[in-house]
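**Student:** Mind looking over this structure? Questions follow.
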């Protein structure tokens, strides 16, 4: 059964955070506090009256570039069969071939790709996880939003307790400050507060050199961390590989990489124990599935970064039991909410991603453009 794309709409939003947050990139002076998430949405409608919703995002900078690229290549979707997701993806890549296959260009395409997968699952009357071939209906989840560096340690501990009591299964806190001793003090306090049974992760946001990362890793081996995330520059695959080989604590990375070749290099070098691809950053669900399959073949865990609204489906369809990051920052953009209980996040039973944009989001909209087929 064939169909054709009749209209494509792109919208750009600035979704405010409840309050600004600081990670190690702020503590080291490399970035400013994060106060909002910029989101690019794509809505595809077809001649059969079906609709798909997808989105990409950036932090601090980049969404205007994504939006500009989407406006340039988006019209190529018109008249295409939306079920031919791979063909359409290739078409859009070639439409913007002169700017490459990574960064803002493919991140713009990711919003389209997610919308087409959403539509494909809706056509089948299935949640996306079921369309892909689900292994489970619930996935392990951990909270990050309560562990940022601007929060005093007592607040971090209180929010960790709130997260566990709300049904979240694990806690991640930020590290990577100029004074490593302060990181170690905060981490020890959280571990003592939570006890040894609660899964605990840390995230350095790329702020250490190789020697500092090794020193930190050796200092925290006895704490039984689930992983140390982004200890080094995101593109230092060799350094991550050496660190993963030297430490018992698993190493996690990959969230910042925006191309399949960069992620595959981490896999090939065994540069991490836990790969963290991000659908919007990596270019969409289509490339994510390729990378996740290679990671599984290599025996690596996969724990996708951020955008739990998409990643809950992909984690449920991955052979290995994955972790999904619980950050509620994008929740106000949508009408629906994810259910969390017993340490796990439940896959929505609605068709597709199970998402719709809330009317309240209109207050955050910055730009909008629509393309329609002739006569549509």
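The values are calculated or read from the model by the stated rules, or taken from the named source; none is laboratory data. The structure presented is a predicted model; accordingly, all values stated were derived computationally and were not measured. Quick reminder, even Gly has a Cβ in these numbers, built from the backbone with ideal geometry, and neighbours come from all protein chains shown.
**Student:** Somewhere in region 131-153, is a residue within 21 Å of the chain's Cα centre (by Cα) and free of Cβ contacts under 8 Å to residues at least 24 places away in the same chain?
**Tutor:** Among the residues of region 131-153, at least one is within 21 Å of the chain's Cα centre (by Cα) and free of Cβ contacts under 8 Å to residues at least 24 places away in the same chain, which makes the answer yes.
**Student:** Would you say residue 96 is out of contact with any strand residue (DSSP E or B) (no Cβ under 7 Å at 6 or more places or on another chain), buried (at least 17 other Cβ atoms within 10 Å of the Cβ), touching a residue at least 60 places away in the same chain (Cβ under 8 Å) and closer than 28 Å to residue 62 by Cα?
**Tutor:** Criteria not met by residue 96.
**Student:** A follow-up question, please. Looking at region 183-202, is at least one residue crowded, with 23+ Cβ neighbours inside 10 Å, at positive phi and in contact with a strand residue (DSSP E or B) (Cβ under 9 Å, 6 or more places away or on another chain)?
**Tutor:** Within region 183-202, not a single residue is crowded, with 23+ Cβ neighbours inside 10 Å, at positive phi and in contact with a strand residue (DSSP E or B) (Cβ under 9 Å, 6 or more places away or on another chain).
**Student:** So residue 25 passes all but one of these: (1) in contact with a strand residue (DSSP E or B) (Cβ under 7 Å, 6 or more places away or on another chain); (2) farther than 19 Å from residue 361 by Cβ. Which condition number does it fail?
**Tutor:** Of (1) in contact with a strand residue (DSSP E or B) (Cβ under 7 Å, 6 or more places away or on another chain); (2) farther than 19 Å from residue 361 by Cβ, only one is false for residue 25: (1).
**Student:** Let me ask you something else. Could you list, in sequence order, the residues of region 10-59 that are within 16 Å of residue 151 (Cα to Cα), without any contact (Cβ under 8 Å) to a residue 40 or more places away in the chain and in contact with a helix residue (DSSP H, G or I) (Cβ under 7 Å, 6 or more places away or on another chain)?
**Tutor:** 32
**Student:** Ok, one more. Yes or no: residue 125 farther than 17 Å from residue 42 by Cβ and crowded, with 17+ Cβ neighbours inside 10 Å?
**Tutor:** no
**Student:** Okay, moving on. Do we have any residue at all in region 288-299 that's assigned by TED's automatic domain parsing to the domain that holds residue 265 and touching a residue at least 60 places away in the same chain (Cβ under 8 Å)?
**Tutor:** Checking region 288-299: at least one residue is assigned by TED's automatic domain parsing to the domain that holds residue 265 and touching a residue at least 60 places away in the same chain (Cβ under 8 Å).
**Student:** So, one more: Which one of 131, 184 is part of a helix (DSSP H, G or I) and closer than 25 Å to residue 317 by Cα?
**Tutor:** Matching residue, one of 131, 184: 131.
**Student:** Out of the residues in region 157-175 meeting the condition of being under 21 Å from the mean Cα position of the chain (by Cα) and assigned to a loop (DSSP other than H, G, I, E, B), tell me which one is surrounded by the most Cβ atoms within 10 Å (Cβ to Cβ).
**Tutor:** The extreme case among them is 175.
**Student:** While we're on this one: Could you tell me which numbered condition residue 228 fails, if it satisfies all but one of (1) in contact (Cβ under 8 Å) with a residue 40 or more places away in the chain; (2) at negative phi?
**Tutor:** Only one criterion in (1) in contact (Cβ under 8 Å) with a residue 40 or more places away in the chain; (2) at negative phi is unmet by residue 228, namely (1).
**Student:** Could you please find all residues in region 203-220 being on the phi > 0 side of the Ramachandran plot and either touching a strand residue (DSSP E or B) at 6+ places or on another chain (Cβ under 8 Å) or part of a helix (DSSP H, G or I) (or both)?
**Tutor:** Listed by number, the list holds a single entry, 205.
**Student:** Taking into account only those residues within region 239-263 that are part of a helix (DSSP H, G or I) and within 17 Å of the chain's Cα centre (by Cα), which is surrounded by the most Cβ atoms within 10 Å (Cβ to Cβ)?
**Tutor:** 263
The rows are residues; the columns are (1) surrounded by fewer than 20 Cβ atoms within 10 Å (Cβ to Cβ); (2) more than 23 Å from residue 141 (Cα to Cα).
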site: 211; (1), (2): yes, yes
site: 228; (1), (2): no, no
site: 237; (1), (2): no, yes
site: 265; (1), (2): yes, yes
site: 306; (1), (2): no, no
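**Student:** Okay, moving on. Is it true that some residue in region 101-123 is more than 25 Å from residue 133 (Cβ to Cβ) and without any contact (Cβ under 8 Å) to a residue 12 or more places away in the chain?
**Tutor:** No; the residues of region 101-123 include none that is more than 25 Å from residue 133 (Cβ to Cβ) and without any contact (Cβ under 8 Å) to a residue 12 or more places away in the chain.
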